[in-house]
Amino acid sequence: MSARTYLLAAGAFAVGTSAYVVSGVLPAVSSELGVSLTAAGQLATAFALAYAVGAPLIATLAGRWDRRTLLLVALVAAAVGNGLSAVATTYPLLIVGRIIAAIGAAAYTPAATLVATALLPPAQRARAVAIVFGGLTLALAIGVPAGDLLGSSIGYGGVFAAVAVVSALVAAAVPICLPRMAAPPAVPLRERFAVAADRRVLTVLAMTVVGVLAAMVVFIYVTPLLNATAGIHGATIALLLVVYGVGAMVGNTWGGRAADRFGTVPTLYAVLAGIAVTVVTLSLTAGTLVGAAVTLVLWGVFSWAFNPPLQSLLLELAPTGGLVLSLNASAIYLGTALAGVVGGVVIDMGGLLVLPLVGGGLVLVVIALLLTLQVGRTRVAEAEKVSVPACAGLATAE
């Protein structure tokens, strides 16, 4: 595989770490700024909300930009945002830094995917996309644990500074290693959202929002949760987050393969059942180090196996796949944004140990939405079976 593809993956690692690292530095932010854990959790909300809103807007406003230029600007924005986060000594300034970093991430990921597919022949494009998105998964497996491990020694400022440096280094390599690439045909913002008029697409997008909310409402606060359930701190939590990340990488691959072999809907039911069981029992099974490790790896597998079959389902429903997948990306970050808010409310009202129960309840909502979608599709299919013979008979008579 071309070194340029791995450069794109390195950029995905940088912006992915920027997105996920907040989970690892929550205690450091809370301690250094003197804010509550719930307030620190809103950093993830600010990042995710800015990404959700920014992704379709940037895709439209920068639609005519050369792709290499867009990648460079996106990585510079990510570096600036993380650099500002590193030197922020007040909570509002830290929020601003997270928003700027999110705008960079929202611009980078879709552009990197497009460039990766354009640089290689069709037979290698799927693998190229997998490598680019592997950078995001690697960010979860390595970036977040590193943030947790380093946050106690160099503070959240040092962690964000490290992310800024990585972003800047990749940005410096972009104009050297990547060719100029013309932009694809521009797509108006109105057209991007027109696909949402399909109720089935709306249902799947709702599944994305609620499904991500179910996972992230717990994951954002996983460090203090493990402190509370098993008394785990420091390097041990970092190691457990690596375990979760390994599970995420396995789940990301398994989810796509299972959907191809068994179908999207059966795979989604299996994945959702796995998420529900692992999340609901988290407070009980994570009471020991071994229990926490087993639970986190299974949770990572099931949680990250959710998106591949869901995206396949969207492509089955909508012929304009690129547009609907862009909306799905926004839905993912909208779910993450809501998770910070909902998690904070739950902690304030019921405490940390209630979070897994809330996450499990939200998974049941996703299952209900999938049932609704499946019933609707079955009715349409049955109606088509009834109408086709009648039309064939009329054609024969004529």
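The values are calculated or read from the model by the stated rules, or taken from the named source; none is laboratory data. It should be emphasised that the depicted structure is a prediction, and the values quoted were computed from it without experimental measurement. Don't worry about glycine lacking a Cβ; one is built from the backbone with ideal geometry, like all the others, and counts go over all protein chains shown.
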Notebook entry, point to check: Taking the stated definitions as given, is L26 over 22 Å from L178 (Cα atoms), buried (at least 23 other Cβ atoms within 10 Å of the Cβ) and of a type outside the set (K, R)?
Noted result: yes
Checklist line | Selected residue [touching a residue at least 12 places away in the same chain (Cβ under 8 Å), in contact with a Ser or Thr (Cβ under 9 Å, 6 or more places away or on another chain) and under 16 Å from T223 (Cα atoms)] from A48, A59, A14, A28 | finding: A28
Item checked: Exclusive hit being under 17 Å from the mean Cα position of the chain (by Cα), assigned by TED's automatic domain parsing to the domain that holds L202 and over 22 Å from Y20 (Cβ atoms), set L353, L314, L357 -> L314
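Each row is one residue, and each column tells you yes or no for (1) within 17 Å of A161 (Cα to Cα); (2) part of a helix (DSSP H, G or I).
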| position | (1), (2) |
| --- | --- |
| S23 | yes, yes |
| A28 | yes, yes |
| V35 | no, no |
| T38 | no, yes |
| L43 | yes, yes |
| A46 | no, yes |
| G54 | no, yes |
| L57 | no, yes |
| T60 | no, yes |
Check: With A337, A329, A390, A395 as the choices, which residue is more than 21 Å from D198 (Cα to Cα), touching a Ser or Thr at 6+ places or on another chain (Cβ under 9 Å), modelled with pLDDT under 90 and assigned by TED's automatic domain parsing to the domain that holds V217?
Finding: A337
Next item on the list: Answer yes if at least one residue in segment 171-186 is in a helix (DSSP H, G or I) and either modelled with pLDDT under 75 or touching a Gly at 6+ places or on another chain (Cβ under 6 Å) (or both), and no otherwise.
Entry: no
Check: Do we find a residue being closer than 17 Å to L140 by Cβ, out of contact with any Gly (no Cβ under 8 Å at 6 or more places or on another chain) and at pLDDT 85 or above anywhere in segment 297-306?
Finding: no
Next item on the list: Kindly state which helices (runs of 4 or more DSSP H) lie completely within segment 270-363 and contain at least 3 residues that are of a type in the set (S, T, N, Q).
Entry: 307-317, 321-350
Next item on the list: Six or more apart or on different chains, Cβ under 7 Å: which pairs go from a residue in segment 153-177 that's at negative phi and assigned by TED's automatic domain parsing to the domain that holds V22 to one that's of a type outside the set (F, W, Y) and loosely packed, with under 15 Cβ neighbours inside 10 Å? Could you list them?
Entry: G157/V87
Check: Quick check, is A40 under 17 Å from I103 (Cβ atoms) and surrounded by 18 or more Cβ atoms within 10 Å (Cβ to Cβ)?
Finding: no
Item checked: Of all residues making up segment 86-98, the number that are closer than 17 Å to T336 by Cβ and surrounded by 20 or more Cβ atoms within 10 Å (Cβ to Cβ) -> 1
